[in-house]
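Data block below; observations after.
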Amino acid sequence: MIPRNILFLVLILIVSSCQSEKAVHLKTVLEQKERVAFNIMLGKNGPNEQKLKCLIAGDFKCAQQAITKEEQAFDKIISEINTLETGDIKYGNELKLATGKYYKAVKEFEVFDRLIIAQQQISQNKTNTEKIRDAAIRQQGQLSRDKLKMRKIINKKEQVLAEVRKQFNLLNRLH
């Protein structure tokens, strides 16, 4: 017969290994979402590249459609993150929340281009008066300053996410 304390130890090892598998799975899924987000923003033929190509061609409608695709792709990422089960994973819920907040901020940053593009379109429309075009150019400058503030918010959320990720990895013995 096996002593109780050994059975108890084996049971703890089994429970902790299951928990570790769940933590590894959560980490893997979130890393996959990170790759998807990277491809949205920097991938060849991704929505962001499409937006830039449209802007170079002066096709504002096309650029706005690319932003819509980008927004939908980020909405999908955020939705999938929100539905992840964190259960009894140590610091899992904190990681899930920080990741979701980060991607929401990135999405808002990327979608903000809609406003800038609308002003760009007004400023380049020769049928508008010079006064209207000048006002649109000034508005573009203000929107660019606002976007810089948004970038600082993203940086803060990215720092929070890095700290939460570090704590998650430490608590779950992941590297």
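Structure data summary
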| read-out | value |
| --- | --- |
| Condition check for GLN119: in contact with a helix residue (DSSP H, G or I) (Cβ under 9 Å, 6 or more places away or on another chain) and surrounded by 18 or more Cβ atoms within 10 Å (Cβ to Cβ) | yes |
| Qualifying position, being under 21 Å from PHE60 (Cβ atoms) and modelled with pLDDT under 95, among GLN139, GLN119, GLN124 | GLN124 |
| Single residue of LYS76, LYS101 found to be surrounded by 15 or more Cβ atoms within 10 Å (Cβ to Cβ) and in a helix (DSSP H, G or I) | LYS101 |
| Condition met for LEU52 (of a type in the set (A, V, I, L, M, F, W, C), in a helix (DSSP H, G or I), touching a helix residue (DSSP H, G or I) at 6+ places or on another chain (Cβ under 7 Å) and without any contact (Cβ under 8 Å) to a residue 40 or more places away in the chain) | no |
| Scan of the range 117-175 for residues that are of a type outside the set (Ser, Thr, Tyr), in a helix (DSSP H, G or I) and more than 27 Å from the chain's Cα centre (by Cα), ordered by number | GLN121, ILE122, GLN124, GLU130, LYS131, ILE132, ARG133, ASP134, ALA135, ALA136, ILE137, ARG138 |
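The values are calculated or read from the model by the stated rules, or taken from the named source; none is laboratory data. Quick caveat: nothing in here was measured; it's all calculated off a predicted structure. Counting neighbours? That spans all protein chains shown, and the Cβs are built from the backbone with ideal geometry, glycine included.
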